[in-house]
1. Can you go through Lys207, Lys200, Lys191, Lys195 and tell me which one is buried (at least 16 other Cβ atoms within 10 Å of the Cβ), assigned to a helix (DSSP H, G or I) and charged (D, E, K, R)?
2. Tell me, yes or no, whether region 237-245 has at least one residue that is in contact (Cβ under 8 Å) with a residue 60 or more places away in the chain and more than 16 Å from the chain's Cα centre (by Cα).
3. What are the residues in region 133-151 that are of a type outside the set (Val, Ile, Thr) and surrounded by fewer than 20 Cβ atoms within 10 Å (Cβ to Cβ), if any?
4. Being touching a residue at least 12 places away in the same chain (Cβ under 8 Å), part of a loop (DSSP other than H, G, I, E, B) and not β-branched (Val, Ile, Thr) is the filter here; which residues of region 130-154 pass it?
5. If only one of Arg37, Arg21, Arg97 is among the basic types (Lys, Arg), closer than 30 Å to Met194 by Cα and in contact with a Leu (Cβ under 9 Å, 6 or more places away or on another chain), which one is it?
6. Output the number of the condition that Arg179 fails; it satisfies all remaining conditions of (1) touching a helix residue (DSSP H, G or I) at 6+ places or on another chain (Cβ under 8 Å); (2) assigned to a loop (DSSP other than H, G, I, E, B); (3) surrounded by fewer than 17 Cβ atoms within 10 Å (Cβ to Cβ).
7. Inside region 1-45, can you point out the residues that are among the hydroxyl-bearing types (Ser, Thr, Tyr), buried (at least 16 other Cβ atoms within 10 Å of the Cβ) and farther than 30 Å from Asn227 by Cα?
8. How many residues does region 46-67 contain that are loosely packed, with under 13 Cβ neighbours inside 10 Å and part of a helix (DSSP H, G or I)?
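The values are calculated or read from the model by the stated rules, or taken from the named source; none is laboratory data. Given the structure is predicted, the values throughout are model-derived calculations rather than measurements. Note that we place each Cβ from the backbone using ideal geometry, even for glycine, and neighbour counts take in every protein chain shown.
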Amino acid sequence: MTKQLTSQQLDALAKDLDAIREEAMSQVGERDAQYIRKILRLQRLTEIGGRGLLFLGFNPVAWLAGSTLLGVSKILDNMEIGHNVMHGQYDWMNDPRLHSNTFEWDTACDSDSWRRTHNYEHHTYTNVLGKDRDYGYGILRLTHEDEFRPEHRVQFISYVLLSVFFQWGVSLHEMEADRLYKGEVKLRDKKPLMKAILKKGGRQVFKDYLFFPLLTGPLFFQTLLGNALANLIRNLWSSTIIFCGHFPEGVQTFDESVCDNESRGHWYYRQMLGSANFQGGRWLHIMSGHLSYQVEHHLFPDVPAHRYVEMSPKVQAVAEKYGLPYNTGSFGRQYLTVLKRIIEHSRPAPKKLAAA
């Protein structure tokens, strides 16, 4: 059972974690600017290389290499660049290409909507059932505290479909499709957002499935399939990374009552209990947008994410100081526990749990 902290301990926890953040932010500068510009150049080179190779799509090796390289470009754009830029990690650079209010990413999800729901809703109410809609995305049941519904019996299939079509699933999630289905929200109230999503999604469809395939002339269908494969690579990778940071074994959920007059220390406490890291090499961290350090990201979402590597040992020491868990493990292990959790909660709670 997780150790409960007193209000004095929570205040001390906040002071310790604030100090880690302040130390990191005091060092932010040219090193960070050079880093993100290097990643931006890499993303553009991989996109150019991938789309260029698809002009040789009559060769199966060139087609596969081009599709894969384009998938890598989309991952870099979404994870290490887009996600982190839209958290405001690089606003201080005053570069319109890398500013949270102007950045537009290569995915069907509308950026303005994502900034509102993810940056505010998810990061404020992380894993608070009933407030954090990112927990299970309104589709998956991941705790016995959630009411069991018949559709949960096939939620592993729902999980696979969500992963395959992740960019579209996130867009529907922004529309609160689950609440529309239940009648809790009226479609007319969502019309402005629906227009924005259709506009953004339409641009993505035009770009990947019409414009670039047309440029390759007789290789239209090969290019279309290559772009579809690149999107699939990005979707599967992004969904897996996100699930491994939020839903592995040991990640905890909270009742809405915790938000009543919540102190900064308790917010920090909740972030530490509601997040998980996974271990790996430098490129795994880069390709995950450094969400391999999800604990640090939930604690310090506006700190340039590549700094989480050096912040992690300090956060781990604070967790040990207060007797709190620091959830981490290999990428494979964390992913397997996510799958286990999805399968386990596709059945009604055992009678003893339900009675409790």
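1. Lys200
2. No.
3. Residues of region 133-151 that are of a type outside the set (Val, Ile, Thr), as a first pass: 133-138, 140-142, 144-151.
Correct list: Arg133, Asp134, Gly138, His144, Glu145, Asp146, Glu147, Phe148, Arg149, Pro150, Glu151.
4. Gly130, Lys131, Arg133, Asp134, Tyr135, Leu140, Arg141, Leu142, His144, Glu145, Asp146, Phe148
5. It is Arg97.
6. (2)
7. Scanning region 1-45 gives no hits.
8. Initial filter on region 46-67 (loosely packed, with under 13 Cβ neighbours inside 10 Å): 58-61.
Narrowing further to those that are part of a helix (DSSP H, G or I): 60-61.
Final tally of qualifying residues: 2.
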